[in-house]
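The values are calculated or read from the model by the stated rules, or taken from the named source; none is laboratory data. Source: prediction; values computed, not measured. Surface areas here come from the heavy atoms of the whole protein model, side chains and all, with no ligands, DNA or RNA. Shrake-Rupley method; radii C 1.70, N 1.55, O 1.52, S 1.80 Å.
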Amino acid sequence: MARVPGPPPLEGLRRHIERRRREKPAGEGHFVRETFCLERQAAREKAREWFDLWPKAAYWTEVESWRAMEGDRIEFTMRRLPSAD
């Protein structure tokens, strides 16, 4: 009967992750996010403002998530890259 191999050693992966964290501190290169809770029309205007300021093609700007709240309010999170490369 064939022996079932155990899990692979993770020490190499741990060293790699630690090295990458030292080289590139947390927060660098990550998305910028901002959450809003506005009336429906104001929410549309705020999203349009983000797309105008940080164009989708350069900053990967998008509405990351949204939900309808009571009173015709929309809670949404906008996301973009910190800078265009």
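So what is the calculated 222 nm ellipticity per residue for the chain, using -39500 (n - 2.57) for each DSSP H run with n of 4 or more, over all residues, to the nearest 500 deg cm²/dmol?
Working: 3 runs with 31 residues, N = 85.
Counting only the DSSP helices, I get -11000 deg cm²/dmol.
Per residue, how many Å² of accessible area does segment 30-84 show with a 1.4 Å probe? Please report the intermediate quantities before stating the final value.
On the way: 3800 Å² over 55 residues.
Heavy-atom SASA per residue in segment 30-84 reads 69 Å².
Among (1) 20.9, 68; (2) 15.6, 53; (3) 11.5, 31, which one is Rg and Dmax of the Cα atoms in Å computed from these coordinates?
(1)
Share of segment 30-84's accessible area from carbon and sulfur, percent, 1.4 Å?
Working: 1930 of 3800 Å².
Accessible surface attributable to carbon and sulfur in segment 30-84 totals 51 percent.
On a full-extension model of 0.36 nm per residue, what is the gain between H30 and A42, subtracting their alpha-carbon distance, rounded to one decimal in nm? Display every interim value, and only then the final one.
Values: separation 12, 0.36 × 12 = 4.32 nm, distance 2.69 nm.
Length gained between H30 and A42: 1.6 nm.
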